[in-house]
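Below is one structure, written out as structure tokens, with a few remarks after it.
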Amino acid sequence: MLPCGTYNRHYSEDMAILRTRSHWGLLMAFLFLLAAIPLFAGYQWENLITLICFYVINAVGLNILLGYTGQVALGQAAFMAVGAYTSGILTAKAGIPFILALPLAGMLAGAAGIMFGLPSMRVKGFYLALVTLGAQFIIIYIMEHLEITGGTDGMTCDFASIGGLVLDTPSKIYWLVMVVTVILVFLAMNLMRTRVGRAFIAIRDNDIAAEVLGVNIYYYKLLAFFIGCFYSGIAGALWAHYTTSLHPSQFPLHNGILYLGIIVVGGMGTMFGPIAGAVVMRGLDEIVMIVFPKLAAAFPSLGANMAPALGPMAFGLVFILFLIFEPRGIAHGWGRLKSSVEHWPFAY
Amino acid sequence: MDKFMGLLSNGLAVGGVYACVALGFTLIFKATRVFNFAVGNFVCIGAFLVWTCAVQFHLSMVVSILLGLVGGGALGFLCDRLFVRPMIGQDILSIIIMTLVLSFFLNGLAMLIWGSVPGVYPDYLPRGSLGIGGAAVGTDIIFCFVAALVIAGLIALYFERAKGSLAMRATAEDHQVAQAAGIRVKNISTLVWTVAGAVCAIGGLLLGTIRGIDMYLPEFGLKVVPAVLIGGLESISGAVAGGLIIGVLEKLASGYINPIVGGGIETCFAYIVMIIFIILKPHGLFGLKKIERL
């Protein structure tokens, strides 16, 4: 909704994502703040925001696939693994520069996504969810048994380097990840305004109607799989150069479900949703990691399992509560809050 | 040949358990159209419940199994009341996600209560082995196979024949029609979740007997999903057949493919078979063929 007193007089104004000067100002201030965080915030904040970015990239990609196109995907963690190993192997063993390896990792993950998306030509809904569930187990199995990935011993990879600049400190990694995240979010945001994005939404809302309207649904479904898994692959590639040691167990099924939950918490089919969800869930993660060991120390009778167990429980509970009480997520709640503030003191 | 028979018998035993749990899955699906992805966690919690009663509380095995059954049923009941019922009327996607995050939650719960220390049941079955086709098969494995099949048979019989199950079948057909005929659809949902919880607990007990109890049970139990799909989602006999097929194929793969690829194929072989089935025969062996435009 446009702010009061703003009217669209040209088509270009109607199309613009940012309509008013204050929008531009706020965006610039926000981007500036993001860029400046390493200058004044400590290592912990950098690390936290870097981790949020991994969630954001994954969730934005999955949101294109699930929230916009309506294709359930449970195996995003495995596609992240594909990207991570691709980038790790290309830079460490083939000597390809990181700047090339990053898109290649995304491409390969996307190609894997297309491969497991192919059954979408024959089945949909629950069956497709099962194919992606299978993809998770099959891909991780392959990672565990290929020689080049180091199998269950895992592998080490180098820090990313761009033109001789080695990104080995948390600040440099932060900047890299942040730049990529901002670009990817921007691309996703624009994609949804194009012919492709509209085709995705048409398929989600009613695939038969979409086909009648001339949308080639097979092509667009596969494209959605490619894009969703491309995002996961990019996240994986960045992850590889963030941890510098890879192991198949870093990409369990649980993570894939976690990304799903992030979208649910944030709000499916919105651009703001996955970002908000990622921030909230990562925040919850931090709270779990800080508070629960203390709880465990205070109540030793509950046993040593409390710290690792309460994390999934807290996450699961938050997801469940959102599904029951606010299935449209934070994005919807935020929109309601905003409109009630704008209309105050009137009800609507 | 000995190797083949050994693998076959082991596979049938595990497959019997899969069949049993798969029934729990199919029951819920048939009556309410809900895919219960938390089925693996039901299995895990059921197995641990029996273990707690038997090992930590030193109860006799029979009492423990009964308590495990009650506990599993209670778990199913609670899940239905607390998590599934509020989702009535939402689209299928939300309900799939609900059971997925439910598995997240239950995983944490099991972790909190039992931790990651694996457990073993006390010997409650006569030890020994029988020679079948030249291969020695443990009596416990035979027992598990028979027990799983008996339970599967009882449930199938109830669902197909008994009068009370008519309401269930009507609910499976169409919720609104069933309601119009005076059937309380919500009660049916509670009933199937409770029964499924108990059946999964039995499955957990049998699985625990065969391979020990640990935190990998949920992943193991999740393999009934491929089994159900291969059998055909709506079919009771299909669930049993699918379970047996997956169990046997998995063991055969671990015997004959593992030496080639270097181990571990049983973790994903069920899913490979499942994907092949989805591509070639998406409605499974005994499922209803629905004509659906894509």
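The values are calculated or read from the model by the stated rules, or taken from the named source; none is laboratory data. Predicted model only: the values in this text are computed from it and were never measured. Neighbour counts are summed over all protein chains in view; Cβ atoms, including those assigned to glycine, are modelled from backbone coordinates with ideal geometry.
I'm told B:GLY89 meets every condition in (1) within 14 Å of another protein chain (Cβ to nearest Cβ); (2) touching a residue at least 40 places away in the same chain (Cβ under 8 Å); (3) surrounded by fewer than 20 Cβ atoms within 10 Å (Cβ to Cβ); (4) farther than 23 Å from B:ILE151 by Cα except one. Can you identify the failing condition by its number?
(2)
Please identify the pairs in which a residue from region A:194-217 that is modelled with pLDDT under 95 has its Cβ atom under 6 Å from the Cβ atom of a residue that is among the basic types (Lys, Arg), counting only partners at least 6 apart or on another chain.
Filtered contacts from region A:194-217: A:ILE208/B:ARG293.
Mind checking whether some residue in region B:95-112 is surrounded by fewer than 17 Cβ atoms within 10 Å (Cβ to Cβ) and of a type outside the set (A, V, I, L, M)?
Let us first name the residues in region B:95-112 that are surrounded by fewer than 17 Cβ atoms within 10 Å (Cβ to Cβ), namely none.
Looking for residues that are surrounded by fewer than 17 Cβ atoms within 10 Å (Cβ to Cβ) and of a type outside the set (A, V, I, L, M), one finds none in region B:95-112, hence no.
Of all residues in region B:263-277, how many are more than 7 Å from every other protein chain (Cβ to nearest Cβ) and either touching a residue at least 40 places away in the same chain (Cβ under 8 Å) or not small (Gly, Ala, Ser) (or both)?
Result for region B:263-277: 7.
Name the one entry in A:GLY311, A:GLY283, A:GLY266 that is surrounded by 23 or more Cβ atoms within 10 Å (Cβ to Cβ) and out of contact with any Cys (no Cβ under 9 Å at 6 or more places or on another chain). Full working, then the answer.
Values: A:GLY311 fails: surrounded by 23 or more Cβ atoms within 10 Å (Cβ to Cβ); A:GLY283 fails: surrounded by 23 or more Cβ atoms within 10 Å (Cβ to Cβ).
Unique residue meeting the criteria: A:GLY266.
May I ask you to verify whether B:LYS281 is among the basic types (Lys, Arg) and within 14 Å of another protein chain (Cβ to nearest Cβ)?
Yes: the conditions hold for B:LYS281.
Of everything in region A:301-322, what is under 19 Å from the mean Cα position of the chain (by Cα) and either more than 17 Å from B:ALA38 (Cα to Cα) or at pLDDT below 70 (or both)? Give them in sequence order.
A:PHE322, the sole residue that qualifies.
List the residue pairs whose Cβ atoms are under 7 Å apart, where the first residue sits in region A:320-348 and is exposed (fewer than 12 other Cβ atoms within 10 Å of the Cβ), the second is modelled with pLDDT under 90 and in a helix (DSSP H, G or I), and the two are 6 or more positions apart or on different chains.
Pairs found: none.
Taking the condition of being farther than 27 Å from B:ASN36 by Cα and either facing chain B (nearest Cβ under 8 Å) or not small (Gly, Ala, Ser) (or both), how many residues in region A:97-141 meet it?
Counting residues in region A:97-141 that are farther than 27 Å from B:ASN36 by Cα and either facing chain B (nearest Cβ under 8 Å) or not small (Gly, Ala, Ser) (or both) gives 9.
Grab the helices (runs of 4 or more DSSP H) fully contained in region A:15-99, keeping just those with 3 or more residues being in contact with a Phe, Trp or Tyr (Cβ under 7 Å, 6 or more places away or on another chain).
In region A:15-99, A:43-62, A:76-92 are the helices (runs of 4 or more DSSP H) which contain 3 or more residues that are in contact with a Phe, Trp or Tyr (Cβ under 7 Å, 6 or more places away or on another chain).
Residues that are within 14 Å of another protein chain (Cβ to nearest Cβ), at least 3 per element: which helices (runs of 4 or more DSSP H) completely within region A:168-254 meet that?
Qualifying helices (runs of 4 or more DSSP H): A:195-205, A:207-212, A:217-243.
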